[in-house]
Structure formats: structure tokens, C-alpha cells
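Quick notes on the structure that follows.
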Amino acid sequence: MTEHTTGFPSEPGSQWYDQEAGPLVRPYAMTGGRTRPAVTGVHFDLIALVTLDPAAPGIDDPALGPEHRTLIELCRPETQSVAELAAGADLPVGVVRVLLGDLVERGCVTVSRPVPPAHLPDERILREVIAGLRAL
């Protein structure tokens, strides 16, 4: 196999193979060329929490790809963030967002946002409530 000065192999089709990693699949092949989730109104930022609905009828759909199934299995034991799913599945975050959009459409998962620290009660208030309850 010959190499150009760029270091990439020049044999046709060899750009789909990495000597160390093995065969490569381009991210757009996993998403059918889509770069954005099909669902609207759902924000798939890195800290969004993804929860599996084990009773959802779409979970066993044979039309789901292996990447969809990987995300389902990662969510099965506990709620995961989008960042955790991307790391666990070893996929780019953009691909995970598109795949999660598919799973949301099928009703397999729900996506929620964690409570921002600014909306959590102040620790002082909680201590006062506890003191009040103890006084009863």
C-alpha cells in the first residue's frame, strides 16, 4: 500500500480502515446523513438526563440499529446524561443526539433537564425547616 505525503493510504477503499482501530463507520452513516434530531422541543445538551421507559413498545423494534440498542442498554440500569451516553457508547455527541431523537420519537426514552443550582432551595432555609420540624 502506498501513501501520499498526507499520510493517508492511496488504495481505493482503504480510507475506511484504520490499522489500529479496524474498520471505521462514518458518523453520518449511523444517522442516515442527519445532523440534527428529528424531534423538536427537546434539548439534548450534555447534562440532559435520559431515562429509559422499559415498558415502551418501541424498545424491541427490529428496525433499531445497533447504536440505538447500545444507548438503550446504557440507560437500562439507571438514568444517564447525554455526555455519559456518548462516552459509554464511544460515539460523537452529535451522533448520540440524533439517535436519542429517534428513541424519543419512539417513546423509548424521556429527556429531562437537571434542576439548576439557582432553583434549589438555599441550605439555610432547609436547616430552618428541619429545625421547625424537630420543634414540633
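The values are calculated or read from the model by the stated rules, or taken from the named source; none is laboratory data. Computed from a predicted structure; not experimentally measured. Backbone-built Cβ (ideal geometry, glycine too); neighbour counts: all protein chains shown.
Restricting the range 44-89 to residues that are touching a strand residue (DSSP E or B) at 6+ places or on another chain (Cβ under 9 Å), within 13 Å of residue 110 (Cβ to Cβ) and not hydrophobic (A, V, I, L, M, F, W, C) leaves a set whose member that is surrounded by the most Cβ atoms within 10 Å (Cβ to Cβ) is 80.
Checked against the criterion of being of a type outside the set (Lys, Arg), touching a helix residue (DSSP H, G or I) at 6+ places or on another chain (Cβ under 7 Å) and in contact (Cβ under 8 Å) with a residue 40 or more places away in the chain, the range 112-132 contains not a single residue that satisfies it.
Report, ordered by the first and then the second residue, all pairs with beta carbons closer than 8 Å, sequence separation of six or more or different chains, a first member in the range 78-91 that is at negative phi and free of Cβ contacts under 8 Å to residues at least 40 places away in the same chain, and a second member that is part of a strand (DSSP E or B) and surrounded by fewer than 19 Cβ atoms within 10 Å (Cβ to Cβ). Between residues of the range 78-91 that are at negative phi and free of Cβ contacts under 8 Å to residues at least 40 places away in the same chain and residues that are part of a strand (DSSP E or B) and surrounded by fewer than 19 Cβ atoms within 10 Å (Cβ to Cβ), the close pairs are 79/49; 79/51; 80/49; 81/49. Tallying residues that are surrounded by fewer than 21 Cβ atoms within 10 Å (Cβ to Cβ) and either assigned to a helix (DSSP H, G or I) or touching a Ser or Thr at 6+ places or on another chain (Cβ under 7 Å) (or both) within the range 102-111 yields 3. The range 1-96 holds helices (runs of 4 or more DSSP H) entirely within its bounds, and those carrying 1 or more residues that are farther than 23 Å from residue 114 by Cα and modelled with pLDDT of 60 or more map to 27-30, 66-75.
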